[in-house]
Structure formats: C-alpha cells, structure tokens
1. Going by what's in this entry, would Ile41 be described as open to solvent by less than 20 Å² (accessible area, probe 1.4 Å), within 16 Å of the ligand (Cβ to nearest atom) and touching a Phe, Trp or Tyr at 6+ places or on another chain (Cβ under 8 Å)?
2. When you check Ser249 against the structure, is it under 30 Å from Ile356 (Cα atoms), in contact (Cβ under 8 Å) with a residue 12 or more places away in the chain and out of contact with any His (no Cβ under 6 Å at 6 or more places or on another chain), yes or no?
3. Give just the number: which of (1) closer than 26 Å to Phe278 by Cβ; (2) touching a Pro at 6+ places or on another chain (Cβ under 9 Å) does Ile228 not satisfy?
4. So, in the stretch 108-134, of the ones that are in a loop (DSSP other than H, G, I, E, B) and out of contact with any strand residue (DSSP E or B) (no Cβ under 6 Å at 6 or more places or on another chain), which residue ends up farthest from the ligand (Cβ to nearest atom)?
5. Please verify whether Asp172 is open to solvent by 10 Å² or more (accessible area, probe 1.4 Å), touching a Cys at 6+ places or on another chain (Cβ under 7 Å) and more than 9 Å from the ligand (Cβ to nearest atom), treating the condition exactly as stated.
6. I need the full set of residues from the stretch 85-107 which are within 18 Å of Val149 (Cα to Cα) and among the aliphatic types (A, V, I, L, M), in order please.
7. Of everything in the stretch 30-73 that's among the aromatic types (Phe, Trp, Tyr) and out of contact with any strand residue (DSSP E or B) (no Cβ under 7 Å at 6 or more places or on another chain), which residue is nearest to Tyr205 (Cα to Cα)?
8. Look at the stretch 178-188 and say how many of its residues are farther than 10 Å from Leu58 by Cβ and either within 9 Å of the ligand (Cβ to nearest atom) or in a strand (DSSP E or B) (or both).
Amino acid sequence: MRRLSQVQPNIDIAELDFISECIEQNWLSEGPKTKQLVERIKDYTRSEYAIMAPNGTLGLYVALLSCGLEKGKKIIIPSFTFYATASALIFAGFIPKIIDVNPLTYEMDTSILEGAICEDTVAVMPVHIYGHCANMSEILRISRKRNLVVIEDAAQAMGVTYKGKHAGTIGDVGVISFFSDKTITMGEGAVILTNSEDIFSRIKYIRNQGRENSGTFVHEELGMNFRITDLQSAVGLSQLKKLPGIISSRLIKYNEYKKNLQNVGDISFGLKEPDSSFVPFRFYFTSLRKDEIQKSLELSGYETRSYFHPMHLQPKLLEYVTYSCPVSEEISLRGLCLPIHDGVTKKDIKDICSIIKRHF
Ligand SMILES: *Cc1c(COP(=O)(O)O)cnc(C)c1O
C-alpha cells in the first residue's frame, strides 16, 4: 500500500546542481554559497541583516543571547507552540512565562499579554504558527509601552508577511527554520533576521568564536561555533528559487481541502490574523472525532500529525507554569494536521476528505 507521509521536502536534481558547485569549487564549510544565500534571503525578506544558524532551535538560542537581556528574567511565550520555543530560552538562561492562545487563530492571546507582564519580564516571544503571523500590531504596541524586547519565533513562517513586512523582521529579532518539515529546507538550518545593528553585531561574535572574522586568534568576546556548511546553503539557494512555486501549490491544496470539508460535521478551521498573509504549513482542523478520523486515515496510508502538546503540560516545564491555558489544551486534544506538500495529489485530497466525511 502507498503511504503518503506527513512531510516531504521538494528536492531533486536542482539541489544536486548547486551542491556539485561546492564540490567543484572545493569549498564545503561556510563560504561563498552561504554569502550568496544570506544576500538572497535579505532581498526576499527585506531584512537589514541576516545571518545563518545551524537550526531553528539554536537560532532562537543565539537570538536570545544577542539582545543584551539580563539572565534569570522572564520571557512570555504562548502555550501552543513547538517545544524549542521554551527550551531555547531556558538554555539561554531565562524563565518562560507561558500564556494561552487565541481560540480562532491559535496565536498568542494578546488580550492576556499585558496582564502577564510583571517587573521582571524582559521580552515577549510570539510564535507565528501554522503559516500566518501572530497579532504583531498588538504585541508591538504592548511591548513598546513596557520596554520589552520582541523575539519572533518565525520557524514556520518562511514567505509569510504581516502588513507587508516579512515574518521575523517585525520585532527586534526573528528566526526562520529550514528543517525538513518546514516550507523550504536545508536539511537542518535557519536564518536569524534583525534590523538592529547592535543585535547583528552580537550575533556575529557569538556564532563565530567571539571574533568578527575567521582567521584571527584574538577573540574579543565569548563565542562558540554556530556556523553552517556551504553544502546546506547550496540546498537553500535552490530551495529559495522554488519557494514561489511551493507557496502557490500549498495554497491550492489548502483551498481544495477546505472546499471539501466545509460544513462537514463539527470540523472547524483555524483562522489567520487579518493583517497576515498565509503560507499553509499543513492543512489543519479540529473536531471532537479527531481520534477516530486519525485512525481511519492512518489505516488508509495517510500519515497524520496531532497538534502540538501544550507547553504548560510538558513534563519539564511544569515548574514554570503560572497560568492555566484551556484553549491550548482544547485545540491540542482535537486538532489534526494533514499533509500539504508537493507529493500530495488532488486525488489524495479527495480520498482523505471522503474518509473524513464517513465519520459524520
Ligand atoms: C521547527 C520549529 C522550531 C525549531 O526549529 P528547528 O530547525 O527544528 O530546530 C522552533 N519553533 C517552531 C514553532 C517550530 O515549528
């Protein structure tokens, strides 16, 4: 039986051509391809500065270290996100303050945000979930009033804009991931975006052994090695060329699913923030019959994914919990993600939707 996987990167001979150039030029570690990729990403996102990181998690870690924040202070994050949002900030020396999300958009609930800010809060870390941006106007308005730094977890938001600005360039610093299940991929990889020269300068030192350039052995700052390889950047350059095609194909598939499942039983779709564009990360919906639907789809060869498990219920984060987050809990119980990658055909979508309809 054919099995349709939940994620499948769009990689082919085009990536191989770019990788071959690295081999021909005898250059594998960070070099010309990475330089080129950074320039392309800057053009695409219109970010003043961009710098690569080994993956989204470490990108967030470096971004958190680069804002000049006092360690031991609190950073507000939404409960409905991937674990790395929380773990990166704990490893960077901060304390997560976990708040609930909006039931319609799944993004940080900005009506709770202001009340959650206390004297030792230093930053807010919104997450742009499932392909659209958090309510950045409100988050920025509240954060600026209280002098808080805004760090965007834009891991899932390549290609997504908010009021015309690319995700990750709206707050002080932001991170986009290029892991295999993201919109475009380098296998592992990420980019850190900022419009602040200060933050950019700190990142440069932290990621390259505490010095401005390689080849010198005077290290002005404490730093480590968060560089990537040109082999990864070669793949990234090819993927960036494919991005417009990937985005339009995902939108077509998302709408196809939606058309088929409109008004079916209690199925409800997440909504995007009005001021955000949308680059579907998965097709995602909630239903009280999620468990049985998931079972049928798996039996028919369609791999599904549940929603995230809330941060305030994670075994190692319990000690940080101060608020209940009922919305995050509820959507995580009822939510299901379906594949939307370039290997999904129109017939797959029809099949998947007819299996789902049988449950109502
Ligand atoms: C994938 C993801 C990350 C981590 O990125 P990696 O590149 O896998 O380390 C962080 N936050 C969110 C919301 C993600 O989806």
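The values are calculated or read from the model by the stated rules, or taken from the named source; none is laboratory data. If you're wondering where the values come from, they're calculated on a predicted model, not measured in any experiment. Quick reminder, even Gly has a Cβ in these numbers, built from the backbone with ideal geometry, and neighbours come from all protein chains shown. Ligands, DNA and RNA are stripped out before the accessible areas are found, and what is left, the full protein with its side chains, is counted by its heavy atoms. Shrake-Rupley method; radii C 1.70, N 1.55, O 1.52, S 1.80 Å.
1. Working: open to solvent by less than 20 Å² (accessible area, probe 1.4 Å): yes; within 16 Å of the ligand (Cβ to nearest atom): yes; touching a Phe, Trp or Tyr at 6+ places or on another chain (Cβ under 8 Å): no.
No.
2. yes
3. Failing condition for Ile228: (1).
4. Of all residues in the stretch 108-134, those in a loop (DSSP other than H, G, I, E, B) come to 109, 117-120, 125-126, 128-134.
Now restrict to residues that are out of contact with any strand residue (DSSP E or B) (no Cβ under 6 Å at 6 or more places or on another chain): 117-119, 128-129, 131.
Numbers: Ile117: 22, Cys118: 25, Glu119: 28, His128: 8, Ile129: 7, Gly131: 11 Å.
It comes out as Glu119.
5. Values: open to solvent by 10 Å² or more (accessible area, probe 1.4 Å): yes; touching a Cys at 6+ places or on another chain (Cβ under 7 Å): yes; more than 9 Å from the ligand (Cβ to nearest atom): yes.
Criteria met by Asp172.
6. Ala86, Ala88, Leu89, Ile90, Ala92, Ile95, Ile98, Ile99
7. In the first step, residues of the stretch 30-73 are kept if they are among the aromatic types (Phe, Trp, Tyr); the result is 44, 49, 61.
Still in the list and also out of contact with any strand residue (DSSP E or B) (no Cβ under 7 Å at 6 or more places or on another chain): 44, 61.
Values: Tyr44: 25, Tyr61: 14 Å.
The residue in question is Tyr61.
8. Quick first cut of the stretch 178-188, residues farther than 10 Å from Leu58 by Cβ only: 178-187.
If we keep only those that are either within 9 Å of the ligand (Cβ to nearest atom) or in a strand (DSSP E or B) (or both) too, we end up with 178-182, 187.
Looking only at that region, the number is 6.
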